[in-house]
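The values are calculated or read from the model by the stated rules, or taken from the named source; none is laboratory data. Computed from a predicted model, the values in this text were never measured in an experiment. Please note: Cβ atoms are built from the backbone with ideal geometry, for glycine as well, and neighbour counts cover all protein chains shown.
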Amino acid sequence: MMLPVGDEVRRRSTPVLTYVLLSCNVLIFAYSLLRGFETVIYDYGFRPKYLFTASRLETLLTSLFVHGGPAHLAGNMLFLYIFGRSVEDRLGPLRYLILYLLSGVVGDVVHAASICLLPEPLMARALYTPLVGASGAISGVMGAYTAFYPRMRVKTLLILYYVVALRIPAHLYVLAWFIYQLLIGLISLGLPLSIAPWAHVGGFATGAIMALAVRRWTVL
């Protein structure tokens, strides 16, 4: 396991929107504790069948703020904190918010599309299985971070049988993460999994493409 704990980017502004997103996710998680996870996931989670029936499409957004448990929330918020602050500093809050939400929505859509490749019994079940979490959106943030700061080093804890502190260039860190997502995604086409790797891949690609477009437009 490789946990990011910091980076070397010198930010010029306070990442207010990142803190707002962190707070919203934590508050909605607290609401889920009070109301019950199953109820909140049922009401706000995105089911792939919604996309194919053009119903309850608002869950493409609401699902991004719902998490299935403490570990799910903590992992996502760690990655959002580490990578989101620098991306917000580069884009500004409005473009950053657009990138975040669009990456999450595209991630949901790619996840739904990947279900069409499943064997029939798995497909029927997966169409009705709710998808929740900010992973697709945060994957987009990671894609943008890599496009903006490819050679910046990410302070990382490598956890095996012991813990090693490393400083890994962003493009290598994210490349390893992306390859892992692709491998899990290929495995998921034949097995029922509790994660949505294709949502991560779709979100990452969206964020990276948007960031590269911003870089090109800025240069021009």
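Numbers below:
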{"item": "Unmet criterion (only one of (1) of a type outside the set (Lys, Arg); (2) within 16 Å of the chain's Cα centre (by Cα); (3) surrounded by 19 or more Cβ atoms within 10 Å (Cβ to Cβ); (4) modelled with pLDDT under 95) for LEU80", "result": "(4)"}
{"item": "Residue that is nearest to the chain's Cα centre (by Cα), among those in the range 127-166 that are surrounded by fewer than 19 Cβ atoms within 10 Å (Cβ to Cβ), of a type in the set (Val, Ile, Thr) and over 30 Å from LEU117 (Cα atoms)", "result": "ILE159"}
{"item": "Residues within the range 65-80 that are touching a helix residue (DSSP H, G or I) at 6+ places or on another chain (Cβ under 9 Å) and part of a helix (DSSP H, G or I), tallied", "result": "9"}
{"item": "Hits in the range 13-31 - residues which are in contact (Cβ under 8 Å) with a residue 60 or more places away in the chain and more than 17 Å from the chain's Cα centre (by Cα)", "result": "SER13, PRO15, VAL16"}
{"item": "Any helices (runs of 4 or more DSSP H) falling wholly within the range 17-64 and containing at least 2 residues that are out of contact with any Phe, Trp or Tyr (no Cβ under 7 Å at 6 or more places or on another chain)", "result": "37-44, 48-53"}
{"item": "Answer residue from the range 32-58, given it is free of Cβ contacts under 8 Å to residues at least 60 places away in the same chain and among the hydroxyl-bearing types (Ser, Thr, Tyr) and is farthest from LEU102 (Cα to Cα) among those", "result": "THR39"}
{"item": "Residue among THR156, THR129 that is β-branched (Val, Ile, Thr), within 27 Å of TYR44 (Cα to Cα) and at pLDDT below 95", "result": "THR129"}
{"item": "Filter result for GLY107 (assigned to a helix (DSSP H, G or I) and under 18 Å from TYR50 (Cα atoms))", "result": "yes"}
{"item": "Which listed residue, of ARG56, ARG47, ARG11, is farther than 24 Å from CYS116 by Cβ and either modelled with pLDDT of 95 or more or not hydrophobic (A, V, I, L, M, F, W, C) (or both)", "result": "ARG11"}
{"item": "Residue within the range 107-114 that is in contact with a helix residue (DSSP H, G or I) (Cβ under 6 Å, 6 or more places away or on another chain), of a type in the set (S, T, N, Q) and surrounded by 22 or more Cβ atoms within 10 Å (Cβ to Cβ) present", "result": "no"}
{"item": "Long-range neighbours under 8 Å by Cβ, at least six apart or interchain, first residue under 16 Å from ILE138 (Cα atoms) within the range 165-176, second assigned to a helix (DSSP H, G or I) and among the aliphatic types (A, V, I, L, M)", "result": "VAL174/MET142"}
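Listed here are the residues, each with its yes/no results for (1) modelled with pLDDT of 90 or more; (2) in a loop (DSSP other than H, G, I, E, B); (3) under 21 Å from LEU73 (Cβ atoms).
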| residue | (1), (2), (3) |
| --- | --- |
| PRO121 | no, no, no |
| ALA124 | no, no, no |
| GLY140 | yes, no, yes |
| TYR161 | no, yes, no |
| GLN181 | no, no, yes |
| GLY203 | yes, no, yes |
| ALA208 | yes, no, no |
| ARG215 | no, no, no |
